[in-house]
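Visitor: Following this message is one structure expressed as C-alpha cells.
The values are calculated or read from the model by the stated rules, or taken from the named source; none is laboratory data. Since the model is a prediction, treat every value here as computed from it, not as a measurement. Glycine gets a Cβ as well: all are built from the backbone with ideal geometry, and neighbour counts include every protein chain shown. Surface accessibility is based on the protein's heavy atoms, side chains included, excluding ligands, DNA and RNA. Shrake-Rupley method; radii C 1.70, N 1.55, O 1.52, S 1.80 Å.
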Amino acid sequence: MSRIGKEPVTIPAGVTATVDGQKVTVKGKLGELSYVMHDGITAKVEGDKILVACADDKKLGNFHGLARALINSNVVGVSAGYTKQLTIEGTGFKAVLQGTTLSLSLGFASPKLFAIPEGLKITVENDGLQVTITGIDKCKVGEAAARIRSFYPAEPYKGKGIKYLGEHIRRKQGKKVA
C-alpha cells in the first residue's frame, strides 16, 4: 500500500466533494473539477475528509498514491488555485497579450504565438518581461508554462530566454582566446 494514499485529503471550508462510483467531483469558489479513478481504487467522503482505499493488489499500489495526490490537487485548485510565473530576459524580448493569444517576441523573424487554453488566465506585467499563468487545474497551468518556456529556454552562456521565476540557470564560461 502507498504511504501517500493512506493519508486522508482534508476538505477546506467552502469546498464540497462527491463520489459517484469511480468519479470524484470537487466544487469550490473557483470552479469544479473531477477525477475518474482507476478500477480497484475507491474513495469515500467522511465529514471533512476524503479517504482513498485500494484493493490488495500489487499492480494497484501505484495508482493508490496517484489517485490521492490528484484528488488533493483538485481540492487545492478549486479552493486556492495555482500560479506559475515566467520571466523573460534578453534584449528586445517581451510578451504581449492580444485577446486570447500570447505573442512572444524572442528574437526570431516572426513572433511566437501561444493560444491561451480555456480555463486559464494569463497576465503580462513589468513591460512584458513577466508572464503569470493562473488556473484551477494544476496540470493545465504547468503544461501551459512549460510550452511557453519551450519557445526559448534560458541558455547558459548569456542567460537570455524564458525561465521560471526563481529558477537558477547554471552559467557557463564562453570560449577563451589563447
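Visitor: Sort out which residues of the range 131-151 are part of a loop (DSSP other than H, G, I, E, B) and open to solvent by 50 Å² or more (accessible area, probe 1.4 Å), and write them in order of number.
Guide: Passing the criteria: only 151.
Visitor: Being open to solvent by less than 40 Å² (accessible area, probe 1.4 Å) and under 13 Å from the mean Cα position of the chain (by Cα) is the filter here, so list the residues in the range 107-121 that pass it.
Guide: 120
Visitor: Answer with yes or no whether residue 94 is farther than 24 Å from residue 28 by Cα and without any contact (Cβ under 8 Å) to a residue 12 or more places away in the chain.
Guide: For residue 94, the condition - farther than 24 Å from residue 28 by Cα and without any contact (Cβ under 8 Å) to a residue 12 or more places away in the chain - is not met.
Visitor: Residue 58: modelled with pLDDT of 90 or more and of a type in the set (D, E, K, R), yes or no?
Guide: Considered against the rule, which asks whether it is modelled with pLDDT of 90 or more and of a type in the set (D, E, K, R), residue 58 comes out as no.
Visitor: Output the number of residues of the range 92-106 satisfying the condition of being open to solvent by 70 Å² or more (accessible area, probe 1.4 Å) and of a type in the set (S, T, N, Q).
Guide: 2
Visitor: Still on this structure: For the range 57-71, does any single residue satisfy the condition of being acidic (Asp, Glu), touching a strand residue (DSSP E or B) at 6+ places or on another chain (Cβ under 8 Å) and over 20 Å from residue 154 (Cβ atoms)?
Guide: No, every residue in the range 57-71 fails to be acidic (Asp, Glu), touching a strand residue (DSSP E or B) at 6+ places or on another chain (Cβ under 8 Å) and over 20 Å from residue 154 (Cβ atoms).
Visitor: Condition check: open to solvent by less than 20 Å² (accessible area, probe 1.4 Å) and among the aliphatic types (A, V, I, L, M). Does residue 169 satisfy that?
Guide: When the stated conditions are applied, residue 169 does not pass them.
Visitor: Looking only at the range 2-60, filter to residues that are in contact with a helix residue (DSSP H, G or I) (Cβ under 6 Å, 6 or more places away or on another chain) and on the phi > 0 side of the Ramachandran plot; which one of those is surrounded by the fewest Cβ atoms within 10 Å (Cβ to Cβ)?
Guide: Once the filter is applied, the top-ranked residue is 31.
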